[in-house]
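As structure tokens, the structure follows; a few thoughts come after it.
Values quoted throughout were computed directly from the atomic coordinates according to the rules given, and no laboratory measurement underlies them. Predicted model, so just to flag it, every value in this text is computed and none were measured. All Cβ positions, glycine included, derive from the backbone under ideal geometry; neighbour counts span all protein chains shown.
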Amino acid sequence: MPNLQNAKKALRVSDRKRVMNDKRRRAIKETVKGVRALVGAETKIIASELSKAYQAIDKAAKRGVIKKNTANRRKSRLAKAVKPAKK
């Protein structure tokens, strides 16, 4: 346990950040699962869910939860997985 006042505050801050980071990671996982489950569904439904997944991924990258290239790779792979369904 921290003894100094600033160390105690840093611990509180890191706990709050961990909770928010976990929430963003969970949002990414849930939206990506939702998109992958819709492969073969209507194009409009897939497009709206894909948009939500992109938003979750971009927010996580913006906040530093995942790196920029990781976000781009995930979006690319997700679009590639959905693309055959759009034909």
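Data for the structure
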read-out	value
Charged-residue dipole, Cβ positions (Lys, Arg, Asp, Glu), the chain about Cα centre, Debye nearest 20	280
Contour excess over end-to-end distance, with Cα ends at ARG36 and ALA7 and 0.36 nm allotted per residue	6.2 nm
Entries of LYS33/LYS59; LYS17/LYS67; LYS8/LYS52; LYS59/LYS80; LYS17/LYS75 with Cα pairs more than 28 Å apart	LYS8/LYS52
Using alpha-carbon coordinates, inclination of helix 43-63 to the longest axis of the chain, degrees	20
Between helix 5-37 and the chain: long-axis angle, C-alpha atoms, 0 to 90°, nearest 10	10
Dipole of the chain [Lys/Arg +1, Asp/Glu -1 at C-beta], most positive-end residue of GLY34, ASN3, ILE46	ASN3
222 nm mean residue ellipticity, helices alone, for the chain (DSSP H n ≥ 4; -39,500 (n - 2.57); rounded to 500)	-29500 deg cm²/dmol
Kirkwood Rh, Cα atoms: Rg over Rh of the stretch 1-69	1.23
